[in-house]
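Written out below as structure tokens is the structure these notes cover.
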Amino acid sequence: MPRTLGPFALALALGVLGGCTPDAPVPSVSARLPAPAPLPGSSIPLRHGINVGNRLDAPTEGEWGSTLDETLFEAIAVAGFDHVRIPIRFNAHAAAAAPYAIDEAFFRRVDWAVDQVEHHRMTAIIDFHHYNELMEDPAAHADRFVGLWRQIAARYRGRGPTVYYELLNEPNGKLTAEAWNAILARALREVRAVDPGRKVIIDSYFWAAAKELATTLALPAGDANLIGSFHMYQPILFTHQGAPWMTPEFQTPGVLFPGPPPAPIAPLPAAQKVSWVAGWFRKYNTLPAAENPSGPTTIAEEFEYVRQFTAKTGLPVYLGEFGAIDKADPASRVAWTRMVRQEAEKRGIPWTYWDDAGSFKLYDPKARTWNADLMGALFQPR
Ligand code: GLC
């Protein structure tokens, strides 16, 4: 048997749970299998991961409705994931003035989360998430960002190779590609001064868009431990339909994957006012599946950009986030999730689902059960 599947995933693979069963209970951690080898075609020993979002990346942990606990890490390990991306808002727990000291109690909480992941023999990704002030005013925050990384790298440099860093989640706004390329090089110099061999993941501009990965991300040469990262939420009008943090043109419900829908749907007035959105819906309503923007062509386009990045840099690539909101039609969510995950795996790209218990939820922390259909989409062989 391959060593890549935990009992839940293994049961799905063998057809024991079928993939259409009600939510399945989480078995004991004693059944955990050893850590995986890289995916064929990849040089990094990550395969299947999950984001534990909305906890340490909230302004304070608990403010967005839940906190991390041991049962979650145990459930993740037992389900067959081999890595956990931990989004962390370091900027909300550090002094405003140099040397920008990170609060010790917060650092201890991060230590604990990393310990939990390692204890369960998974890889932990320390992901610096939601530094919004840096996106709004890069010049004012660049020194602080670099100073925060100086402390993070000093703290975790003694950890084993199953701890990775991710410099910054989803650069966007005024942190343009050009500004980001300059700042990431500075932050990386701080990391490398104390921790030369650590795996460091770097997102592209525009919310880790695959196109920007191929066209604008510039990484320092000669560092074989860098990993380019992109996020996959295309088509966004499907994956983010009705998301409360998105603007009104994203609020049209009932978008299916794949399109076209059985009967055309009318986008909301706010969506009709935005020309690219109105145009998208016209195509969604009319084009056959093979050309439909809510379909495989859109996904293939994203992966083509990723191929271009790899061809250009020779660096490994990582899909740090993908998921479809739980307001979407359940069968469409499953179809989209399966397609993205299969396309990633075909190319040797490790993936990390967003997220466990937020709006894209895969896991019910109260009942301690997984969404079995989505788990099938993530783990069943094609
Ligand atoms: C990004 C955001 C996160 C959001 C997710 C999906 O990671 O930081 O808050 O939930 O994308 O939109």
Do we find a residue being over 25 Å from A153 (Cα atoms), surrounded by fewer than 22 Cβ atoms within 10 Å (Cβ to Cβ) and among the charged types (D, E, K, R) anywhere in region 189-199? no
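Could you tell me whether region 305-317 includes any residue that is of a type in the set (D, E, K, R) and more than 16 Å from the ligand (Cβ to nearest atom)? Steps first, please.
Here is the first cut: in region 305-317, the ones of a type in the set (D, E, K, R) are 307, 312.
In the following step, the residues that additionally are more than 16 Å from the ligand (Cβ to nearest atom) were identified as 307, 312.
Yes: region 305-317 contains one or more residues that are of a type in the set (D, E, K, R) and more than 16 Å from the ligand (Cβ to nearest atom).
Listed here are the residues, each with its yes/no results for (1) more than 16 Å from the ligand (Cβ to nearest atom); (2) touching a residue at least 60 places away in the same chain (Cβ under 8 Å); (3) among the aromatic types (F, W, Y); (4) touching a strand residue (DSSP E or B) at 6+ places or on another chain (Cβ under 9 Å).
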position	(1), (2), (3), (4)
E321	no, yes, no, yes
D329	yes, yes, no, no
T337	no, no, no, yes
Q342	yes, no, no, no
K366	yes, no, no, no
D373	yes, yes, no, no
Does region 95-110 contain any residue that is more than 16 Å from the ligand (Cβ to nearest atom), under 30 Å from Y363 (Cα atoms) and either touching a strand residue (DSSP E or B) at 6+ places or on another chain (Cβ under 7 Å) or in a loop (DSSP other than H, G, I, E, B) (or both)? yes
Hits in region 53-86 - residues which are farther than 25 Å from I349 by Cβ, outside any helix (DSSP H, G or I) and modelled with pLDDT of 95 or more: R55, L56, A58, P59, T60, E61, G62, E63, W64, T67, L68, D69
Exactly one of (1) at pLDDT 95 or above; (2) touching a helix residue (DSSP H, G or I) at 6+ places or on another chain (Cβ under 8 Å); (3) more than 16 Å from the ligand (Cβ to nearest atom) is unmet by A290. Its number? (1)
What do you reckon, is I50 within 16 Å of the ligand (Cβ to nearest atom), β-branched (V, I, T) and either within 24 Å of R382 (Cα to Cα) or at pLDDT 95 or above (or both)? yes
Looking only at helices (runs of 4 or more DSSP H) that lie completely in region 145-221, which have at least 1 residues being touching a residue at least 40 places away in the same chain (Cβ under 8 Å), over 23 Å from A300 (Cα atoms) and among the small types (G, A, S)? 177-194
Would you mind stating whether D329 is crowded, with 17+ Cβ neighbours inside 10 Å and farther than 17 Å from V255 by Cα? no
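With the requirement that a residue be among the hydrophobic types (A, V, I, L, M, F, W, C) and assigned to a loop (DSSP other than H, G, I, E, B), what does region 111-142 give you?
The answer is M122, and nothing else.
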Looking at (1) away from the ligand (no atom under 16 Å from the Cβ); (2) touching a helix residue (DSSP H, G or I) at 6+ places or on another chain (Cβ under 8 Å), which is the one condition that is false for K346? (2)
Please determine, by comparing only the residues of region 166-188 that are within 20 Å of the chain's Cα centre (by Cα) and over 15 Å from H130 (Cα atoms), which one is surrounded by the most Cβ atoms within 10 Å (Cβ to Cβ). L184
So E321, is it in a strand (DSSP E or B) and either charged (D, E, K, R) or surrounded by fewer than 20 Cβ atoms within 10 Å (Cβ to Cβ) (or both): yes
Check on R89, within 16 Å of the ligand (Cβ to nearest atom), at pLDDT 95 or above, of a type outside the set (F, W, Y) and out of contact with any strand residue (DSSP E or B) (no Cβ under 6 Å at 6 or more places or on another chain): yes
Inspect region 232-243 for any residue being more than 16 Å from the ligand (Cβ to nearest atom) and at pLDDT 95 or above and give the result as yes or no. no
When every residue in region 115-154 that is charged (D, E, K, R) and in contact with an Asp or Glu (Cβ under 8 Å, 6 or more places away or on another chain) is compared, the one nearest to I102 (Cα to Cα) is R150
Provide a single number: the residues in region 287-311 that are in a helix (DSSP H, G or I) and in contact with a Gly (Cβ under 9 Å, 6 or more places away or on another chain). 3
Restricting the search to region 334-366, which residues are in a helix (DSSP H, G or I) and touching a Leu at 6+ places or on another chain (Cβ under 7 Å)? V334, T337, R341, A344, E345
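The values are calculated or read from the model by the stated rules, or taken from the named source; none is laboratory data. None of the values given here were measured: they were computed from a predicted structure. Here the Cβ is made from the backbone with ideal geometry for all residues, glycine too, and neighbour counts use every protein chain on show.
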